[in-house]
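Only one structure is covered here, and it is reproduced in the block below.
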Amino acid sequence: MKTVRISLIGFGAVGQGVASTVLSKRDFLKKQGIDLRFVGITDSKGSEVDENGIDLEAAISRKKDTGSVATGDMTALEIIRNVKHEIMVDVTPTNIDDGEPGLGNMLSAFGAGRHVVTSNKGPLALRFSELNEAAEDNGLFFRYEATVAGAVPIFNLVHEALAGNTVTGIEGILNGTCNYILTRMTEERMPYKLALKEAQELGFAETDPTYDVGGIDAALKLVIIANSIFGTGATYHDVDVTGITKITPEALELASNNNSVIKLVCEAVNGTLKVAPRLVPKRHPLAVGGTLNVASIQTDLAGRITISGKGAGSIETASSILSDIIYIARHV
Ligand code: HSE
């Protein structure tokens, strides 16, 4: 049995999703020879540390009952630097101004010899090259499948299954909230504000929904794709971004009458990065509905490969995080 020790930095919806997924998969993982032991969990109010392994069920219950996982006040950076473990999982909230606290957590983790798994888009959209170099310089894994399109394994697909192909372009729908709003406005003739409210109630929207409807969240994901797949060294500021706030019910109806839908499409083609509403034929592979995400990847050998699935949700995001953890566990 291989024991892999983990720090879980951030215990909101995604962090709790990771903990409950690992709990429910414990026997499944043990059958594969992997024992995941959480030695530190933090949230904004404090932390729990146990070098012998935290009781995840108790941690989740305490968070639900008291609003915090804290049993002590060791900070995230103290845990990352001083508590022995192999993988630091950063699921702190995205911040596109300076990438903190995720950026500091990740750089400290690499400095302390920890592999990093994350769902946090901000640091990767701002400082991808620096993070990648820090991982490489220290001989560590840096895995971030959960940053883009939730459960949809875009990076695994391109880097593993399509290894050997040159990717020449990617188009996708990478923001579930916008896709939900446009779908509801088109199919139910629902007013924009009501559709946005529904998306917020479903828990898909960012804390500040202007990140979604302004196209910012989609742009962050596109930058991560560009860096990871094309190695462009791009940042969020290189993306030409238009959101969906100016799409009128009349425009959607006109599109529909012409057998098309309006979608917020992300494109990385010929070195340019663009997020903008676009007309898409109703039967086109990009015309997925509701909160679904989709990525259509053009390659030289395999041709076009299109992959679609759930782009948000705590368990769906945990699916990608767990996959990255297992990848590292198998390779260390
Ligand atoms: N707000 C994001 C979305 C969540 O709607 O796609 C997943 O990153």
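The values are calculated or read from the model by the stated rules, or taken from the named source; none is laboratory data. No experiment lies behind these values; they were computed from the predicted model shown. Neighbour counts run over all protein chains shown; Cβ positions are idealised from the backbone, glycine included. Please note that ligands, DNA and RNA were not included when accessible areas were found on the heavy atoms of the full protein model with its side chains. Shrake-Rupley method; radii C 1.70, N 1.55, O 1.52, S 1.80 Å.
So what is Rg over Rh here for region 160-310, counting just Cα atoms and using Kirkwood for Rh? Let's see the in-between values first.
Numbers: Rg = 15.3 Å, Rh = 15.7 Å.
Dividing the radius of gyration by the Kirkwood radius yields 0.98.
³J(HN,Hα) across region 296-303 via Karplus (A = 6.51, B = -1.76, C = 1.60, θ = phi - 60°), whole Hz, x for Gly/Pro?
10, 10, 8, 10, 7, 8, 8, x
Mind checking which of 8, 129, 331 is farthest towards the positive end of the chain's charge dipole, using Cβ charges of +1 (Lys, Arg) and -1 (Asp, Glu) about the Cα centre?
The listed residue farthest towards the positive side: 331.
In percent, how large is the relative contact order of region 160-310, given Cα pairs closer than 8 Å and 6 or more residues apart?
Normalised by residue count, the contact order of region 160-310 is 35 percent.
Could you pull out the trypsin sites (Lys or Arg not before Pro) across region 76-142 that fall in loop regions by DSSP (anything but H, G, I, E, B) with no more than 14 other Cβ atoms inside 10 Å? Walk me through the numbers on the way to the answer.
Numbers: sites: 81, 84, 114, 121, 127; in loops: 84, 114.
Here the sparse-neighbourhood loop sites are 84.
Hey, what do the phi angles of region 133-147 turn into as Karplus ³J(HN,Hα) couplings, whole Hz, using 6.51/-1.76/1.60 and θ = phi - 60°, x for Gly and Pro?
5, 4, 5, 5, 4, 9, x, 10, 7, 10, 10, 8, 3, 6, 6
How far, in degrees from 0 to 90, does helix 13-24 lean away from the longest principal axis of the Cα atoms of the chain, to the nearest 10?
Long axis of 13-24 versus the principal axis of the chain: about 60 degrees.
Probe of 1.4 angstrom, ligands and nucleic acids ignored: what's the accessible area per residue over region 160-310, in square angstrom?
47
Angle between the Cα long axis of helix 102-111 and the longest principal axis of the chain, 0 to 90 degrees, nearest 10?
50
On a full-extension model of 0.36 nm per residue, what is the gain between residue 61 and residue 301, subtracting their alpha-carbon distance, rounded to one decimal in nm?
Working: separation 240, 0.36 × 240 = 86.40 nm, distance 4.96 nm.
Stretched fully, the residue 61-residue 301 segment lengthens by 81.4 nm.
Leaving ligands, DNA and RNA out of it, rank 192, 180 by accessible area with a 1.4 Å probe, largest first.
So the residues, ranked largest to smallest area, are 192, 180.
Could you state the accessible area per residue of region 27-119 in Å², with a 1.4 Å probe and every protein chain left in place?
Result: 45 Å² of accessible area for each residue.
What FRET efficiency do you get for residue 237 and residue 138 if R0 is 22 Å and r is their Cβ-Cβ distance, rounded to the nearest 0.05?
E between residue 237 and residue 138, to the nearest 0.05, is 0.20.
Work out, step by step, the length gained on full extension between residue 165 and residue 81: first 0.36 nm times the residue separation, then minus their alpha carbon distance; give nm to one decimal.
On the way: separation 84, 0.36 × 84 = 30.24 nm, distance 3.85 nm.
Fully extending the segment from residue 165 to residue 81 adds 26.4 nm.
Distance in nm between label sites at residue 193 and residue 284, each 7 Å beyond Cα in the beta-carbon direction?
3.1
5 Å is the cut-off here: which amide hydrogens, built 1.01 Å from N in the peptide plane, fall below it relative to residue 299, excluding neighbours closer than 5 in sequence?
Here 168, 304, 305 satisfy the definition.
List the chymotrypsin sites (Phe, Trp or Tyr not before Pro) in region 1-110 that DSSP assigns to loop (not H, G, I, E or B) and whose Cβ has at most 12 other Cβ atoms within 10 Å. Which are they?
Counting only loop positions with at most 12 other Cβ atoms within 10 Å, none of the chymotrypsin sites (Phe, Trp or Tyr not before Pro) in region 1-110 qualifies.
So if we plug the beta-carbon distance of residue 323 and residue 257 into 1/(1 + (r/R0)^6) with R0 = 41 Å, what FRET efficiency do we get, rounded to 0.05? Show your work: numbers first, answer last.
Values: r = 42 Å, r/R0 = 1.03.
Given R0 = 41 Å and the Cβ-Cβ separation, E is 0.45.
In nanometres, what is the gap between the two model label sites at residue 68 and residue 52, each 7 Å from Cα along Cα-to-Cβ?
For the pair residue 68/residue 52, the computed spacing is 2.5 nm.
Given the protein chains as shown and a 1.4 Å probe, how many square angstrom of residue 97 are accessible, to the nearest 10?
The value for residue 97 is about 130 Å².
With the full set of protein chains in place, find how many percent of the accessible area of region 258-332 is carbon and sulfur; take the probe as 1.4 Å.
Roughly 52 percent of what the probe reaches on region 258-332 is carbon or sulfur.
So what is the relative contact order of the chain, in percent, for Cα pairs below 8 Å that sit 6 or more residues apart?
Rounded, it is 19 percent for the chain.
Between residue 98 and residue 157, how high is the FRET efficiency from 1/(1 + (r/R0)^6) when r is the Cβ-Cβ distance and R₀ = 25 Å? Nearest 0.05. The partial results should precede the final answer.
On the way: r = 31 Å, r/R0 = 1.24.
Given R0 = 25 Å and the Cβ-Cβ separation, E is 0.20.
Put +1 on the Cβ of each Lys and Arg and -1 on the Cβ of each Asp and Glu in the chain; which of 142, 183, 93 then has its Cα farthest toward the positive end of the dipole?
183
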